[in-house]
Amino acid sequence: MPNFQLYNYNTVSSTNDKAKTFAEKGNFNLVVIAERQTKGRGRFNRKWSSSSGGLYMTILLKEKNSDKIKYLTLIASLAVSKSIKSLSGLNGMVKWPNDVLVNGKKVCGILTEILHGKKTYAIIGIGLNINQKKFPKIIMEKATSLKIECNKQFEVKTAAKFIIREFQRLYAYYEKHDCLKITNLWKKSSHTIGKWVKAKTLEGEYAGKAIGIDKDCNLLLKLDNGKIKKIMEGDIFITANTA
Ligand code: BTN
């Protein structure tokens with residue numbers, strides 16, 4: 001994979017939207033980084049708290065294989081987890097489908113989008129809480145930052161550099177179609193697998209033991225009746241730590 005061109009901004013509406021404007025002009029293999037966002041968003045169009053001190057970055061790639069796009073979210077979450085370890089020594093655990101947790105609280109969210117134009121692009125937005133000391137009340141209990149966990153300030157640019165380097169390393173497996181390698185690495189850092197969870201999806205709620213992810217990155221739940229339920233999207237809540 002070629003080196004990424006970096007674009008740094010003070011304030012943007014959303015780095016994902018900024019990346020889209022690059023894609024619309026036919027640019028790709030680049031990273032948009034901003035110090036804050038005025039309209040940072042997450043999955044299901046939720047607001048993403050984007051005050052200064054956090055890392056807001058989007059990787060823009062040309063994509064041939066859009067049915068494998070969910071792997072890019074796994075790769076990004078693994079890259080963040082590894083970078084958290086290198087920066088702070090903390091264990092960043094990946095939570096299906098798109099989060100990284102530290103000490104059970106969300107430190108990072110990933111929003112992967114696809115843009116179909118003359119070409120197809122993948123837009124991988126990463127929000128990592130680094131130096132924030134507090135969050136809006138509504139998420140305070142569930143969110144954390146590296147600073148809250150370590151009582152130490154971190155260099156946001158260094159975090160971005162680590163994440164990009166690790167993303168490129170893992171992306172090489174994706175390019176070689178070695179998706180099994182990615183799923184295996186993800187399982188090793190997983191906060192979800194082996195736990196009892198409740199999955200809230202658009203078609204309903206399911207409770208069961210998270211036993212793995214399939215080749216399409218769906219979460220596999222073993223329900224009480226012994227059947228395996230494929231969860232394709234939704235939110236996961238851990239109901240017990242061990243099975
Ligand atoms: C989620 O947990 O729902 C995903 C949150 C993704 C937030 C990042 S911050 C950088 C990029 N720009 C956005 O507007 N969203 C993503």
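The values are calculated or read from the model by the stated rules, or taken from the named source; none is laboratory data. The model shown is predicted, which means the values in this text are computed figures rather than measured ones. Neighbour counts run over all protein chains shown; Cβ positions are idealised from the backbone, glycine included. Calculation scope for accessible area: heavy atoms of the full protein, side chains included, ligands and nucleic acids excluded. Shrake-Rupley method; radii C 1.70, N 1.55, O 1.52, S 1.80 Å.
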Cα extents of region 1-83 per principal axis, largest first, Å, are 33, 28, 26
Counting only Cα, what are the radius of gyration and maximum Cα-Cα distance Dmax of region 196-240, in Å?
-> 9.4, 26
Hey, what D do you get for the chain in µm²/s if you plug the Kirkwood alpha-carbon radius into Stokes-Einstein at 25 °C and 0.890 mPa s?
-> 135 µm²/s
Between the residues Phe167, Ser145, Gly234, the Cα farthest towards the positive end of the dipole of the chain, that dipole coming from +1 and -1 charges on the beta-carbon of Lys, Arg, Asp and Glu, is from Ser145
With +1 on each Lys and Arg Cβ and -1 on each Asp and Glu Cβ, how big is the dipole of the chain about its Cα centre, in debye rounded to the nearest 20?
-> 260 debye
Taking 7 Å along the Cα-to-C-beta vector as the label spot, tell me the Thr21-Thr38 distance in nanometres, rounded to one decimal.
-> 1.1 nm
Pop the C-beta distance of Asn45 and Lys176 into the FRET formula with R0 = 35 Å and round what comes out to the nearest 0.05.
-> 0.55
Could you check the simple spin-label distance between Lys137 and Asn184, using points 7 Å along Cα→Cβ, in nm with one decimal?
-> 4.9 nm
Assuming a ≥ b ≥ c are the square roots of the Cα gyration tensor eigenvalues, decide whether region 55-192 counts as rounded (a/c under 1.5), prolate (otherwise, with a/b larger than b/c) or oblate.
-> prolate
If you rank Leu87, Leu101 by how much accessible surface each has, with a 1.4 Å probe, what is the order from largest down?
-> Leu87, Leu101
